[in-house]
Amino acid sequence: MKSKRIFLIWNGGEQEVRSIIQKLEADSHKVVYVISNGTSQFSLDGIIVHLDNDARRGIAAKGIDESEFFPPDKELIRVMFKTESLILTMMNRKVDSPAKPMSLDEKKHFYYHLLRYWHGVFKKYQPDLIIFPAVPHNVSNFTIYSLAKCFNTPTALFQETWASDRILLQFAYAQESLMLSTALNKNKGKIFSPESLSPDLERYYRLHTDSAGDATPFDVLVQAKRYRGLERLSLKLEAVLSSLKDLTFFIKAWKYIRRMIQPNLKKDYNRLTVDLDFKKPFVYMPLHWQPECTTSPLGDMYVDQLLMIETLSVALPEGWRLYVKEHPFQWSVDGVTTYSNMRYRGYYEHLAKLKGVFLVDVSTDTYTLLAHSKAVATITGRAGIEAVLRGKPVLVFGYPWYMSLPGIFRITGPSECQKSLQSIKDGYVPDKNEVLNYLKSFDESTGRGYIEPLGKMNTAISREKSISEVLRLLEIGMKRCDSKK
């Protein structure tokens, strides 16, 4: 395998980063630039170390004089127009805030600043490969990723799929995993049974094909527990004690009371919900929690979920409905929230006015809606693969890791959506054998473990074993990439 100059973007601890670098350099690669969430004292001999928080805020890494980098020219900005559009939506997370809102021009110039810095870094250090721990979805990482695509620099990124504890390697988030594609070609036309899957994926398959089973994702259960009963009381008490300590109790109490009596998202939504009518054919559309990677960048232009729902509205067959349910985490712990860039005043009213579109109570069971629906619509959500496993076709508007799963209709506009819904109306359902074939191929092309801290709660695999699996997938993937050149 050809040695490579590598940019390593990794959110693990300093020791973990050192361990990964050691293993990469043992294979004759050279790591030249690291982005890490380590401490300000973190340093590596001969390697530029950039703290993640500094990178997100547009602060240069130690040892780099950004004044030597030229501002982006008109041609580079033109080539990167799509990146600019998505970056502006990413700024809704950890960049822009209600306490210190940024004007549109301020956001655009911040993006040009990022583009200047990272374009200069690319030209100076000339990486052959950039490794991301996940789909890049903050402002600095996505600028790096987009420049890599512009310069034809290979990228490697990992997805925690939440199908069991499987990790998938991709080289571009908008393209199917090369390893999965290879396995699908090898297994094409073969017939597999659930028993042919590894035990963890067989359990996953049976859980989602058993209509009586509770398949609620573990992270939803964790969040729900956190904001109920004693844990919720503990959080509130902690907030009260903190505000008493810093003398902000009365200010925060007044803000809380004012939020309770003023218009807010929950009030707007609940005022517009309707009773379900399962006698009428409908498509189920669970909204995505925003801002999140699942819509920006994975949703592309459909990060604007109103655009997606408008597309579905005009494509619905005569007499069909679209039942839309808000994500339960979109609202605050208290059940009320002020308006935001992602859920602005009038957002739900706009939805409710669309032809055939109806909002349903957030407490409505997802699997009940799925069971009675004719199809499910999503950008990249787990509801998509869960629906297919239950024999329901799915309209997908973004780039989920399961983008080539049988039973999926990839939607890019109204006419395509209309044709897909007509096929579903005419009786199309996913083929069970094809779905099992896909899962078997997925089984053969993934590793087990976790990358982000939340994933630790979803697996018995150790951190050391998880990183070992990541590096194993990376080695296989790089060899296959090199062989294709």
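For residue 133, state whether it is outside any helix (DSSP H, G or I) and open to solvent by 40 Å² or more (accessible area, probe 1.4 Å).
No; evaluated as a whole, the condition is false for this residue.
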Pairs only if they're at least six apart or on different chains, beta carbon under 8 angstrom, first in the stretch 455-467 and in contact (Cβ under 8 Å) with a residue 60 or more places away in the chain and assigned to a helix (DSSP H, G or I), second hydroxyl-bearing (Ser, Thr, Tyr) and open to solvent by 30 Å² or more (accessible area, probe 1.4 Å); list them, first residue then second. 467/19
Looking at the stretch 324-353 only, could you name the residues that are open to solvent by less than 60 Å² (accessible area, probe 1.4 Å), farther than 16 Å from residue 396 by Cα, not small (Gly, Ala, Ser) and not in a loop (DSSP other than H, G, I, E, B)? 325, 347, 348, 349, 351
Scan the stretch 413-426 and report the pairs whose first residue is closer than 14 Å to residue 308 by Cα and whose second residue is of a type in the set (S, T, N, Q), with Cβ atoms within less than 7 Å and a gap of 6+ or a chain change. 413/311; 414/311; 417/311
Search the stretch 299-316 for residues that are closer than 26 Å to residue 175 by Cα and of a type in the set (Ser, Thr, Tyr) and pair each with any residue that is part of a helix (DSSP H, G or I) and open to solvent by less than 20 Å² (accessible area, probe 1.4 Å) when their beta-carbon atoms are under 7 Å apart and the residues are at least 6 apart or on different chains. 302/308; 311/417
I'm trying to understand the selection: among the residues of the stretch 110-128, which are surrounded by fewer than 17 Cβ atoms within 10 Å (Cβ to Cβ) and over 14 Å from residue 80 (Cβ atoms)? 123, 124, 125, 126, 128
Within the stretch 48-61, the residues that are over 12 Å from residue 14 (Cα atoms) and open to solvent by 20 Å² or more (accessible area, probe 1.4 Å) are 48, 53, 54, 56, 57, 59, 60
Restricting attention to the stretch 13-26, the residues that are touching a helix residue (DSSP H, G or I) at 6+ places or on another chain (Cβ under 7 Å) and either among the basic types (Lys, Arg) or not in a helix (DSSP H, G or I) (or both) number exactly 1
Kindly indicate whether any position in the stretch 209-221 is open to solvent by 50 Å² or more (accessible area, probe 1.4 Å), at pLDDT below 75 and not small (Gly, Ala, Ser). yes
Say whether the condition of being on the phi < 0 side of the Ramachandran plot, in a loop (DSSP other than H, G, I, E, B) and open to solvent by less than 60 Å² (accessible area, probe 1.4 Å) is met by at least one residue in the stretch 309-316. yes
Within the stretch 431-446, residues being outside any helix (DSSP H, G or I) and open to solvent by less than 20 Å² (accessible area, probe 1.4 Å) number 2
Can you pull out every residue in the stretch 44-75 that is under 12 Å from residue 118 (Cα atoms) and aliphatic (A, V, I, L, M)? 55, 59, 60, 61, 64
Given (1) at pLDDT 95 or above; (2) surrounded by fewer than 15 Cβ atoms within 10 Å (Cβ to Cβ); (3) part of a loop (DSSP other than H, G, I, E, B), index of the condition residue 422 fails: (3)
From the residues in the stretch 26-38 that are more than 17 Å from residue 156 (Cα to Cα) and in contact with a strand residue (DSSP E or B) (Cβ under 8 Å, 6 or more places away or on another chain), which one is surrounded by the most Cβ atoms within 10 Å (Cβ to Cβ)? 38
Between residues in the stretch 1-22 that are farther than 23 Å from residue 464 by Cβ and residues that are polar (S, T, N, Q), which pairs lie under 6 Å by C-beta distance while being six or more apart or on different chains? 3/28
Inspect all residues belonging to the stretch 354-361 and state whether any of them is part of a loop (DSSP other than H, G, I, E, B), closer than 26 Å to residue 85 by Cα and β-branched (Val, Ile, Thr). no
What is the number of the single condition among (1) surrounded by 15 or more Cβ atoms within 10 Å (Cβ to Cβ); (2) at pLDDT below 85; (3) aliphatic (A, V, I, L, M) that residue 197 does not meet? (2)
Got at least one residue in the stretch 32-43 being among the aliphatic types (A, V, I, L, M) and assigned to a helix (DSSP H, G or I)? no
How many residues does the stretch 164-211 hold that are closer than 20 Å to residue 461 by Cβ, in a loop (DSSP other than H, G, I, E, B) and either out of contact with any strand residue (DSSP E or B) (no Cβ under 8 Å at 6 or more places or on another chain) or among the hydroxyl-bearing types (Ser, Thr, Tyr) (or both)? 4
Only listed residue being part of a loop (DSSP other than H, G, I, E, B), open to solvent by less than 10 Å² (accessible area, probe 1.4 Å), in contact with a helix residue (DSSP H, G or I) (Cβ under 6 Å, 6 or more places away or on another chain) and touching a residue at least 12 places away in the same chain (Cβ under 8 Å), chosen from 450, 402: 402
Filter result for the condition that a residue is in contact with a Pro (Cβ under 8 Å, 6 or more places away or on another chain) and touching a residue at least 12 places away in the same chain (Cβ under 8 Å), over 178, 147, 184, 157: 157
Answer yes if at least one residue in the stretch 62-79 is out of contact with any His (no Cβ under 8 Å at 6 or more places or on another chain), surrounded by fewer than 18 Cβ atoms within 10 Å (Cβ to Cβ) and under 27 Å from residue 340 (Cβ atoms), and no otherwise. no
Condition (residue is closer than 30 Å to residue 16 by Cα and open to solvent by 20 Å² or more (accessible area, probe 1.4 Å)) applied to the stretch 363-384: is it met by at least one residue? yes
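The values are calculated or read from the model by the stated rules, or taken from the named source; none is laboratory data. Quick caveat: nothing in here was measured; it's all calculated off a predicted structure. No Cβ is skipped: glycine too gets one built from the backbone with ideal geometry, and neighbour counts run over all protein chains shown. We work out accessible area using only protein heavy atoms, side chains counted, and drop any ligands, DNA or RNA first. Shrake-Rupley method; radii C 1.70, N 1.55, O 1.52, S 1.80 Å.
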